[in-house]
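Since the structure comes first, as structure tokens, the remarks are kept for the end.
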Amino acid sequence: MVTQPVGDGYPHHWEADVVLRDGATAHLRPIAASDADALQSFHQGQSEQSIYLRFFTYRSVLSEKELRRFTQVDYRDRVAFVITVAGAIIGVGRYDRLDDPKLAEVAFNISDAHQGRGLGSILLEHLAAAARENGVSRFTAEVLPENRKMLTVFAEAGYEVSRHFDDGVVSLSFDIDPTERSLAVMASREHRAEARSIEGLLSPTSIAVIGSGRPAEQLLEHLREGGFTGPIHTELDQSPQLAVIAVPKAEVLPVIERCGKAGVKGVLVVTSGFADDGETGLALQKELVRTAREHGMRLIGPASLGLVNTNASVSLNASLAAGMPRPGKLGLFSQSAAIGVALYASTARRGLGISSILSAGSRADVSGNDLMQYWEDDADTAVCAMYFESIGNPRKFSRLARRLARNKPVILAKSDALGLQLPPGHVVRTTQAPAGALDAMLRQSGIIRVKNIDQLANIAQIALSQALPAGPGLSVLSNSLALARVVADSASEAGLVVVETITDVGHQENPAQALAELREKLLLTLRRSDVDSAIATLMPARGLDVEALGVEPIAEVLAACAAETGKPVVAAFSGILDPQSPVEGLLATGNGDLPSFSSPGTAITALAALVRYSGWLRREQGSFEPPEGIESEAAQGFLDGLLEQVEGAELRTLSPTEAHQLLGYYGIPVLESVPFNSDQEAVQAAERLGWPVVLKSTDPALRQRLDLGGVRLNIQDSVTLKYEIAQMRGALAHTGEAALEVQAMAPLGQACALRAIEDPLLGPVVSFGLSGDAVNLLDDWAHRVPPLSSTDVSELVRAPRAAPKLFGYQGLPPIKISALEDLVARLALLKDEHPEIALIEFTPVLAGTEGCTVLSVKIQLGNAAQRTDSARRAMAS
């Protein structure tokens, strides 16, 4: 075991647990002097060929001088990473800065026993991230032509690699700034590795249940009754792929250590009590994860309800829930075991078929992000349903959810307190973002957000059984005029467009004729081009008497019409008193399942959620092309200089000159303001700026408020300026000493407010609103989480309720919306690229018919926390 390095210069934030190509885990960290013996052992374990490929010559051992050079680095000009499993080094990567400070030479050495596990690409990503942090922008490497594996690492990294052959050596060179292609390559590798790690947990070839007492007995019983297709053990002597641990809390860590030594690939911990024991329990929980990852294992739990996979080739019920669920296409993820039970029960009541279930419990390791990686490629899962108590890595969640939601509906039930407080046992950060920012991030990602698990199950039953609605057009069919009107009103309030209301169905005395009429009218309305879906809401009545007929014949008709037209149909049977009549959940018919509800309002709410999701799918995704004229590197260099003056957690407010210079790197001009002490200084400033000018109070509460006397416009000459200064000083005397400034008169326009912050939970958040009462009293802000596509930017400026004022409200001319969108895009990119910027406020921005003018800016810097979704692969800690 290598002693963990400790020292003032050691960059702890570079450490990371990583998932390898085969789904196993390993630990990556900077090398330290204490690694000398381990590095020597690693070297001596390599073949002659591998040593030759790395050093261009063979050496059986590394000399003391070489060991010192390789392990004693400064973490700036010379950086090296090691990847370890169970304390042993399995891979080394390093860079050494050359005479050109922007250039560094990079090299790797991968254990012969661990070739093909993706270690080289992971080391390259982390070295590149560290190098960029230290001001290096380009890597070079010299590789022997026969070292095809290393050449492949560089070729497949996604960078633009130039190469030439000289004196028997291939020389490579490439810029290491992330490109769209390199980020895509990284995301693809991360996706495959994490999906494979979850596949190994959900489809184990063998299982051991470790423990005694009732929980262990239940687990064994459920595994056997569920028909698990592999061998089931109660000990570790057969090296099972998955170990299910149900031992007392004090014994969990030793059992995990035994599992690691036995070659187990993953552990499921059902034992609880860690989250309920304060800091002591959390520390022990972290130790469980550290030990599991050190031995290359993923960990589910603790306090997990278990795992289920209904695929016939696996038939896994490694859970405390009795009975194997009905096989189907719904994937379930829950953090809380208790909520997981309720979620499972809610779906079971509705007859929803399940593909897989994972209960993360305290979510110490395996998380919802991991499940989304797995579900994306899982052919057995068509709809993804999740219950969250916390989000450990929201930027990654947003990225994965946006990708997954393009292929499958993702329904998320979350508490309104999500991010505002920490659930027991969950080591995450709380949010300081404005109210609504988290929900905005979910909508931006295509997530169908619901408030409770019943709403989740309601939406899932439609999504599982029906085609997605192509639009909001709805037909309402009923055998009750009054009921049809109520349902139509409810649909309109939910954002649906009621195209047709049909109430003369099913009134024939003959049930067969009534069913035939229902079919005819439903098919006729579904074939309309402006109808995208239909709801049949029926009550006990003549002809279509549900209680007399039973729901089955009606369901057959409705399902047949949906199948024939390819448009969704939902049923709502109201007023049914017979408890034996199945009116809630999926009704099986010869034409597929039909979603049925006892409340038409519930049906409308669920259908409307899928209509909104379908609209998100149809919208243009937009591009992520940056605006022209961006100087990111110059801005970073400028910020680095300013950050040298920031200590600890303090914030530094930039001076107007500093703020204007920083914004200039992103093409954002600010209209100059000049503070003054005397009338003469004010006149001199006005003459330099050019008449007419504006006189303002510098008080943040007054500088935008014409109505409170803090602003005087369109001052044409020095005499008027001196008069207005005297008037304003008198009017504001009650506020204390009035500090004033003059500013050039900007073109008239709608006053807007733009703000961007760095949030502990969400990372960068950009907010937009229309200045004045809309934001001050009504909190009418819209929020988005960068990176923002062109579509995201367009939607952001149109999202506030007061946004119609931008587009010609009550006869006013519309603003130049493209100029406002360009400003928002520049601000979003600036905030996304520089987490050290804690706050940017543009108050106000005048959006006019010819362009936008930023009148005032406030920028604060702070020491940036390391974002959890950077350009390197790392598991959440």
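In percent, how large is the relative contact order of the chain, given Cα pairs closer than 8 Å and 6 or more residues apart?
Computed value for the chain: 8 percent relative contact order.
Enumerate the lysines that LYS329 could reach by cross-link, defined here as Cα to Cα under 26 Å, with residues fewer than 8 away along the same chain left out.
LYS396, LYS408, LYS414, LYS451, LYS567
Answer with a single label: of (1) 104, 76, 71; (2) 95, 85, 55; (3) 107, 77, 66, which was calculated as Cα extents along the principal axes in Å from the structure in view?
Answer label, from the structure shown: (2).
How large is ³J(HN,Hα) for each residue in the range 534-539, as worked out from phi by the Karplus curve 6.51 cos²θ - 1.76 cosθ + 1.60 (θ = phi - 60°), to whole Hz, x for Gly and Pro?
Residue by residue, the range 534-539 yields 9, 10, 9, 10, 10, 10 Hz.
Quick one: Karplus J couplings for the range 390-395, per residue in order, coefficients 6.51, -1.76, 1.60, θ = phi - 60°, nearest Hz, x for Gly and Pro?
7, 10, x, 9, x, 5
I need the semi-axes of the equivalent ellipsoid of the range 771-826: take the C-alpha gyration tensor, multiply each eigenvalue by 5, square-root it, list largest first in whole angstrom.
They are 20, 16, 8 Å, listed largest first.
Once each part is reduced to its C-alpha centroid, what is the distance from the range 824-876 to the range 691-728 in angstrom?
Spelled out, the Cα-based centre of one part sits 30 Å from the other.
With contacts defined as alpha carbon pairs under 8 Å and 6 or more residues apart, what's the relative contact order of the range 196-462 in percent?
Contact order relative to length: 16 percent.
Tabulate in residue order the Karplus-calculated ³J(HN,Hα) for the range 354-359, using 6.51 cos²θ - 1.76 cosθ + 1.60 with θ = phi - 60°, rounded to whole Hz; enter x for Gly and Pro.
10, 8, 8, 9, 9, 9
Output the relative contact order of the range 674-745, whole-number percent, from Cα pairs under 8 angstrom with separation of 6+ residues.
47
For the range 477-491 and the range 82-148, write down the distance between their C-alpha centroids in whole Å.
With the range 477-491 and the range 82-148 each reduced to a Cα centre, they are spaced 66 Å.
Taken together, the values in this text are just the output of simple stated rules run on the coordinates, not laboratory data. Bear in mind that the values here come from a model prediction, so they are computed numbers and not experimental data.
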